[in-house]
Amino acid sequence: MYLTREEERILDGEFGEGTQKALELLVAIGDAYDAEKMIPISRAHAASSGQEGDLYFVELLAKGGAYCKVLTSTNPVYDIKYFDNLFEVPKDEAEVARRVMEAYKRVGAILSWSCIPYMAENIPLYGETVAFSESSATPYVNSVIGARTNREAAQSALAAGVIGKTPKYGLHIKENRKGTNLVKVEATLKDEFDYTLLGYYVGKQIGYGIPVFTGIKRQPSTEELINFCAMSNVPGAISMFYIPGFTVEASTVEEAFQGGSPEDKITVTDYELKQCYEELQTTSGKIDFVMLGCPHYTLKQVGEVARLLNGKKIHDGVSFWVCTSATAKVLAERNGYVDTIKRAGGHVVVDTCIDEPCWIAYKNKVGMTDSPKCAYYRRFKEAMVTRLQDCVEAAIEGRWG
Amino acid sequence: MKNLEITLKCHKIVGGYGEGEALVSNEPICFYLTDPKTGIVRERSHELAGKNLANKVLVFPSGKASSVVQIDGLFKLASHNNAPKAMIVKDVETVLIVSAFMVKVPLVDRLERDPFETIQTGDFIKVNAEKGIVIITKRES
């Protein structure tokens, strides 16, 4: 890979060990992909996680004096104080989370602690070159917004934020953004949960690729697109997709395939989605918790939970959680949503990911969620997946099925 | 009888040398869904469910699942000395490169022959990523 004189000086350690390590990682990636050179980015999103692997790298950069050159937002860890008051979070785990959050502050990241940063804290524009990690944010940024990012890891995105550059490869090159699989949708997509099932099914069928959809009849909502992005990256790796007519980059199917033909075609009917749904129905009977907000609920979704819980009471034996971003919570409080949810006996928590050790109290518990991504990581004995409305109903009844 | 030995060129992604018994997976792998203390795959529906990938040379198509957990998964395996000795993949992706870079496990792709046709579980594999060479010693049948 071609390196400028300045990049060579960074690699020689002239600007400190932190920037040196950051660029070393980017060069390794560039070499792996035969990238010709580094290109400037205008923003990054680091999928911080409060886990040991994350801690190792961010502290390495922080100790080495690295500091973000472009706006770099962060993914959820957990609200240590909130959980400390409720459960016994293991001391060593809480210490890892505390150190991670401290180190991201030291490297000058924006402490958003949100997995949907493109909603408020860090919004790319069409055509912008960026480095966004978080497997649900990558396809959203590429497809819905039409900015350009590769499927970054937390570390490569942070490194890109520190250097202000990324290697030119993959989805930064127009030809690599062409569709690979044609997906003919015959299923009726009614609501956000249908897009969850669609994402899960398509991710599982395609695995790794750029699907191009036909047959989607109406403009999907922001939340439906967020769900598709998140769930297609649970059983698969979908960093980009096209819904010609609704997503921005290609207005026709031909344009999405850049004149080529699909490598593969699949059809999705109501039958496939129903089968997916049935696969996720893993239990019934008494439940201990309901977990919502994986990915983080938007303001609109928090409002929907409040509407469903208004004047109701969550069953005594059920813990009810809504995870959202700090920015969404400010408005949710202003609109009275948080009060309504609290009055019903629920929690609205910020900065928190469902895949964190703060949930240890539920390790042997059975519950429900509207997110296959939440169920997949096995923080709980069992987390059954169904629609939000059913989750709320079960929370009130204390049981499902 | 001397075992059949095959030498293939490959493309270095993360440098270094590693050798061990091959473990082949036709499905993508998420390291988070393994037990870091043993190296056993605990993803129920995976073809490697119950198999141990510690200190093996892992042959698989690509990584999968969220970027956050993939890296942490390999990092935890490595901190218990249960990471694979080397990795041979078909579709390279950034998350896997970062994972391998952080734990210093050699990672290669672009073998001059299809690794899924050439390598079987149990073969002995030497991966010299620096030299861009993979040496396969076929298991006695």
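The values are calculated or read from the model by the stated rules, or taken from the named source; none is laboratory data. Quick caveat, the model's predicted, so the values are computed rather than measured. Neighbour counts are summed over all protein chains in view; Cβ atoms, including those assigned to glycine, are modelled from backbone coordinates with ideal geometry.
Here is a list of conditions, (1) away from chain B (no Cβ under 14 Å); (2) farther than 30 Å from A:Ile145 by Cβ, and A:Leu60 meets all of them except one; can you say which number that is?
It is condition (1) that A:Leu60 fails.
Can you tell me which residues in segment A:291-318 are surrounded by fewer than 21 Cβ atoms within 10 Å (Cβ to Cβ) and part of a helix (DSSP H, G or I)?
Hits for segment A:291-318 are A:Leu299, A:Lys300, A:Gly303, A:Glu304, A:Arg307, A:Leu308.
Among the numbered criteria (1) at pLDDT 95 or above; (2) in a loop (DSSP other than H, G, I, E, B); (3) out of contact with any Phe, Trp or Tyr (no Cβ under 6 Å at 6 or more places or on another chain), which single criterion is violated by A:Ile354?
(1)
Where residues in segment B:37-46 are in a loop (DSSP other than H, G, I, E, B) and of a type outside the set (Gly, Ala, Ser), which of them is surrounded by the fewest Cβ atoms within 10 Å (Cβ to Cβ)?
Taking segment B:37-46 first, the residues in a loop (DSSP other than H, G, I, E, B) are B:37-39, B:42-46.
From what's left, of a type outside the set (Gly, Ala, Ser): B:37-38, B:42-44, B:46.
Values: B:Lys37: 11, B:Thr38: 14, B:Arg42: 14, B:Glu43: 19, B:Arg44: 9, B:His46: 17.
Checked segment B:37-46; the qualifying residue surrounded by the fewest Cβ atoms within 10 Å (Cβ to Cβ) is B:Arg44.
Would you confirm whether any residue within segment A:141-149 is hydroxyl-bearing (Ser, Thr, Tyr), crowded, with 21+ Cβ neighbours inside 10 Å and in contact with a Leu (Cβ under 9 Å, 6 or more places away or on another chain)?
First, the residues of segment A:141-149 that are hydroxyl-bearing (Ser, Thr, Tyr): A:143, A:149.
Subsequent filtering for residues that are crowded, with 21+ Cβ neighbours inside 10 Å retains A:143, A:149.
From what is left, the residues that are in contact with a Leu (Cβ under 9 Å, 6 or more places away or on another chain) are A:143, A:149.
Yes - at least one qualifying residue is present in segment A:141-149.
Any residue in segment B:62-71 that is more than 10 Å from chain A (Cβ to nearest Cβ) and either buried (at least 20 other Cβ atoms within 10 Å of the Cβ) or at pLDDT below 95 (or both)? Walk me through how you get there before you give the answer.
Applying the first criterion (more than 10 Å from chain A (Cβ to nearest Cβ)) to segment B:62-71 yields none.
No; the residues of segment B:62-71 include none that is more than 10 Å from chain A (Cβ to nearest Cβ) and either buried (at least 20 other Cβ atoms within 10 Å of the Cβ) or at pLDDT below 95 (or both).
Are any residues in segment B:37-68 in contact (Cβ under 8 Å) with a residue 24 or more places away in the chain and within 18 Å of A:Tyr376 (Cβ to Cβ), and if so, which ones?
Those that are in contact (Cβ under 8 Å) with a residue 24 or more places away in the chain and within 18 Å of A:Tyr376 (Cβ to Cβ): B:Leu48, B:Ser62, B:Gly63, B:Lys64, B:Ala65, B:Ser67.
Could you run through segment A:46-76 and say how many residues are at pLDDT below 95 and under 26 Å from A:Gly346 (Cα atoms)?
2
Within segment A:357-401, can you find the residues that are among the aliphatic types (A, V, I, L, M), part of a helix (DSSP H, G or I) and under 21 Å from the mean Cα position of the chain (by Cα)?
A:Ala375, A:Leu388
State all residues of segment B:75-129 that are at the interface with chain A (Cβ under 9 Å from one of its Cβ atoms) and not in a helix (DSSP H, G or I); if no residue qualifies, say none.
Within segment B:75-129, B:Asp91, B:Val92, B:Glu93, B:Leu107, B:Asp109 qualify.
Hey, does segment A:260-276 have a residue that's within 20 Å of A:Asp370 (Cα to Cα), exposed (fewer than 15 other Cβ atoms within 10 Å of the Cβ) and among the aromatic types (Phe, Trp, Tyr)?
Within segment A:260-276 (the criterion being within 20 Å of A:Asp370 (Cα to Cα), exposed (fewer than 15 other Cβ atoms within 10 Å of the Cβ) and among the aromatic types (Phe, Trp, Tyr)), the answer is yes, since at least one residue qualifies.
I'm trying to understand the selection: among the residues of segment B:13-36, which are within 14 Å of chain A (Cβ to nearest Cβ), assigned to a strand (DSSP E or B) and either at positive phi or not hydroxyl-bearing (Ser, Thr, Tyr) (or both)? Working first, answer last.
Let us first name the residues in segment B:13-36 that are within 14 Å of chain A (Cβ to nearest Cβ), namely B:13-16, B:25-36.
Keeping just the survivors that are assigned to a strand (DSSP E or B) gives B:13-14, B:29, B:34.
B:Ile13, B:Val14, B:Ile29, listed by residue number.
Any residue at all in segment A:325-343 that is touching a Cys at 6+ places or on another chain (Cβ under 7 Å), outside any loop (DSSP other than H, G, I, E, B), in contact (Cβ under 8 Å) with a residue 60 or more places away in the chain and under 22 Å from A:Ala47 (Cα atoms)?
The answer is no, given that none of the residues of segment A:325-343 is touching a Cys at 6+ places or on another chain (Cβ under 7 Å), outside any loop (DSSP other than H, G, I, E, B), in contact (Cβ under 8 Å) with a residue 60 or more places away in the chain and under 22 Å from A:Ala47 (Cα atoms).
Say we look at segment A:31-45 and pick out the residues that are within 26 Å of the chain's Cα centre (by Cα) and within 10 Å of chain B (Cβ to nearest Cβ); which of these is modelled with the lowest pLDDT?
Applying the filter and picking the extreme gives A:Ala32.
Inspect segment A:280-290 for any residue being touching a Cys at 6+ places or on another chain (Cβ under 6 Å) and either buried (at least 24 other Cβ atoms within 10 Å of the Cβ) or not assigned by TED's automatic domain parsing to the domain that holds A:Thr352 (or both) and give the result as yes or no.
There is at least one residue in segment A:280-290 that is touching a Cys at 6+ places or on another chain (Cβ under 6 Å) and either buried (at least 24 other Cβ atoms within 10 Å of the Cβ) or not assigned by TED's automatic domain parsing to the domain that holds A:Thr352 (or both).
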